[in-house]
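Right, one structure below, let's go through it.
Values in this text are rule-based calculations from the coordinates and carry no lab data. Predicted, not measured: the structure shown is a model, and the values here were computed from it. With ideal geometry, Cβ positions are generated from the backbone for all residues, glycine too; neighbour counts draw on all protein chains shown.
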Amino acid sequence: ESFKRINEVDHKIEAFLTLDEEKAMNYANTLDEALGKKDEFGLLFGMPIGIKDNIVTKGLRTTCASKILENFDPIYDATVVQKLKDAETVTIGKLNMDEFAMGSSNENSSFKKTKNPWNTNHVPGGSSGGSAAAVAAGEVLFSLGSDTGGSVRQPASFCGVVGLKPTYGRISRYGLVAFASSLDIIGPITRNVEDNAYLLQAIAGVDPMDSTSANVDVPDYLSALTGDVKGLRIAVPKEYLAEGVKEDVRQSVLDALKVLEGLGATWEEVSLPHSKYALATYYLLSSSEASANLARFDGVRYGHRTNNAESLLEMYKQTRSEGFGDEVKRRIMLGTFALSSGYYDAYYKKAQKVRTLIKKDFEDVFENFDVIIGPTAPTHAFRLGENTKDPMTMYANDILTIPMNLAGVPAISVPCGFSKGLPLGLQIIGKHFDESTLFRVAHTFE
Ligand code: GLN
């Protein structure tokens with residue numbers, strides 16, 4: 001069914017970079033056979049899933065939407081991919097993204113521009129745009145994305161699906177191609193909250209292959225879907241409904257708060273005073289980490305190697321010039337500059353200090369509240385090409401999703417209305433490792 005749907009719509013949506021029809025069909029057949037023989041089936045048995053193309057899949061091309069990895073076939077599975085195999089899901093293929101997860105619209109992919117299924121003149125968001133669009137268009141039931149500064153939540157919001165950025169460390173990053181290691185986390189994208197809880201259940205937990213994965217018990221997420229929000233204390237940061245957030249986005253959040261109030265929750269306005277520094281802090285830290293992480297793509301170990309070099313140094317330079325796109329180069333340069341001796345204290349070290357203040361803002365609010373609520377993005381999905389000329393306007397679109405990565409807290413985006421025929425997302429933010437409360441609150445909107 002998935003392949004049928006992909007054949008029907010993917011030439012318009014362009015969500016997939018690589019399809020694996022033969023393997024997927026063979027595997028589905030073995031599952032069919034097992035169906036008659038087994039007594040018990042996992043909850044995700046046989047479900048079609050798509051994987052963002054920065055999560056490695058053994059023997060299935062993994063490009064990060066970059067020319068430098070155009071023909072890269074990994075020799076191992078990411079931990080999440082292994083866990084999905086254990087759960088007997090069927091991987092359908094790999095999904096488009098902004099190159100190395102740098103971007104908010106999918107327009108930074110080196111291969112194709114995914115379109116928003118609600119209106120193909122608009123972007124699906126990014127960087128996990130392929131993952132959100134594929135679920136929204138019914139090509140797969142579930143997908144995995146990754147979220148470093150909003151890349152699961154913002155495309156989920158733009159495409160009208162549910163996207164979760166779990167707590168940093170909740171899911172193993174082993175096999176996720178690193179962008180900014182202290183911010184990166186894999187996240188499930190689904191059509192509804194219940195599916196999201198199932199998917200998180202399957203992939204969460206500590207992993208000996210990732211020392212930053214957290215040794216914290218994984219609760220039963222499904223039992224959180226009670227619909228009961230009586231007595232829930234909600235904080236609404238005034239910075240998240242301020243200037244720059246479109247009026248209809250603001251209104252959709254206020255409407256959602258009314259619904260929650262009607263169910264017995266209460267809300268109050270609060271302040272996260274260091275929010276205004278989040279964007280600058282994020283772009284400094286994430287670019288610094290990226291400049292170090294992407295040093296491994298040198299033409300020796302993986303992927304593309306130039307044909308036009310006489311010396312080793314020239315080979316490195318030429319390979320990277322040919323392989324990386326403009327946005328990736330921009331960030332490597334920015335990060336290398338911020339980390340260079342003489343500037344380190346002024347930029348990188350200062351940004352680390354501000355990160356601590358941003359994290360503290362959240363801790364202060366969570367002393368008195370259960371969740372924080374705001375919009376996921378300041379606008380609905382913008383038009384293709386609308387923000388490509390000026391990287392600063394593109395970066396500003398992440399203003400409401402970045403603080404959670406800096407603080408490491410979990411956040412979910414659920415559909416909460418439409419503006420001009422395009423979906424809007426409500427963002428619910430929780431305490432570290434309290435994804436259950438996010439599911440509980442989000443579930444009331446279905
Ligand atoms: N849009 C943000 C960026 O370009 C976030 C990306 C992400 O979360 N991977 O860095």
Worksheet item: Considering the dipole of the chain built from charges on the beta carbon (Lys and Arg +1, Asp and Glu -1) around the Cα centre, which of Val162, Thr306, Ala134 is farthest to its positive end?
Response: Thr306
Worksheet, complete the sentence: Rounded to one decimal in Å, the inverse mean reciprocal Cα-Cα distance for segment 396-446, i.e. its Kirkwood radius, is 11.9 Å
Worksheet item: So what's the back-of-envelope 222 nm ellipticity for the chain, counting only DSSP H runs of four-plus at -39500 (n - 2.57) apiece and dividing by all residues, rounded to 500?
Response: -11000 deg cm²/dmol
Worksheet entry | Coarse-grained scattering of segment 144-219 at q = 0.19, 0.20, 0.25 Å⁻¹, given as base-10 log I(q)/I(0) from a Debye sum over alpha-carbon atoms | -0.74, -0.82, -1.17
Discussion item. For Lys420, give me every one of the aspartates and glutamates with a C-alpha distance below 14 angstrom, ignoring sequence neighbours fewer than eight places off in its own chain.
Written reply: Glu247, Asp248
Worksheet item: For segment 1-118, what is the Kirkwood hydrodynamic radius in Å, using each pair of distinct C-alpha atoms?
Response: 15.2 Å
Response to the item:
Ratio for segment 74-180, C-alpha Rg to 2.2 N^0.38 Å, reads 1.02
Worksheet item: Using the Kirkwood radius built from alpha carbon pairs, what does the Stokes-Einstein equation give as D for segment 106-253 at 20 °C and 1.002 mPa s, in µm² per second?
Response: 128 µm²/s
Fill in: Cα-Cα over 24 Å, subset of Lys165/Lys238; Lys238/Lys389; Lys4/Lys67
Lys238/Lys389; Lys4/Lys67
Item to complete: Can you bin segment 294-358 into rounded, prolate or oblate? Criterion: square roots of the alpha carbon gyration tensor eigenvalues sorted a ≥ b ≥ c, rounded for a/c under 1.5, prolate for a/b above b/c, oblate for the rest.
Response: prolate
Worksheet entry | Whole-number percent relative contact order across the chain, with pairs defined as alpha carbons under 8 Å at least 6 apart | 19 percent
Discussion item. Over the Cα atoms, compute the radius of gyration (one decimal) and Dmax (the largest Cα-Cα distance, rounded to a whole number) for the chain, in Å.
Written reply: 20.9, 71
Response to the item:
In a Gaussian network model of the chain with springs linking alpha carbons closer than 10 Å, the residue among Pro124, Pro378, Pro208 that fluctuates most is Pro208
Response to the item:
Expressed to one decimal in nm², the mean projection of the alpha carbon convex hull of segment 236-328 is 9.9 nm²
Response to the item:
Per DSSP, the loop-located trypsin sites (Lys or Arg not before Pro) within segment 164-247 having at most 13 other beta carbons within 10 Å are Lys230
Response to the item:
Under a Gaussian network model of the chain whose springs join Cα atoms within less than 10 Å, the largest fluctuation of Phe382, Phe369, Phe41 belongs to Phe41
Worksheet entry | Simple Cβ-charge dipole of segment 333-395, Lys/Arg +1 and Asp/Glu -1, about Cα centre, in debye nearest 20 | 340 debye
Worksheet item: Could you name the lysines in cross-link range of Lys349, using Cα to Cα under 22 Å and dropping any fewer than eight places away on the same chain?
Response: Lys276, Lys359, Lys360
Worksheet item: If Lys and Arg each add +1 and Asp and Glu each add -1, what is the summed charge of the other residues whose beta carbon sits under 14 Å from the beta carbon of Ala396?
Response: -2
Practice prompt. Place a +1 charge on the Cβ of each Lys and Arg in the chain and a -1 charge on the Cβ of each Asp and Glu, then give the dipole magnitude about the Cα centre in debye, rounded to the nearest 20.
Written response: 960 debye
Fill in: Length-normalised contact order for segment 306-434 - Cα pairs under 8 Å, 6+ apart - percent
22 percent
Item to complete: Quick one: dipole size for segment 219-356, taken about the Cα centre, charges +1 on Lys/Arg Cβ and -1 on Asp/Glu Cβ, in debye to the nearest 20.
Response: 480 debye
Discussion item. Quick check: from the Cα gyration tensor, does segment 320-419 come out rounded (a/c under 1.5), prolate or oblate?
Written reply: oblate
Item to complete: Go ahead and set up a Gaussian network model of the chain, Cα springs under 10 Å, then flag whichever of Val354, Val270, Val206 fluctuates most.
Response: Val270
Item to complete: State whether segment 204-274 is rounded, prolate or oblate according to the following rule on the C-alpha gyration tensor (a ≥ b ≥ c being the square roots of its eigenvalues): a/c under 1.5 gives rounded; otherwise a/b larger than b/c gives prolate, and the remaining case gives oblate.
Response: oblate
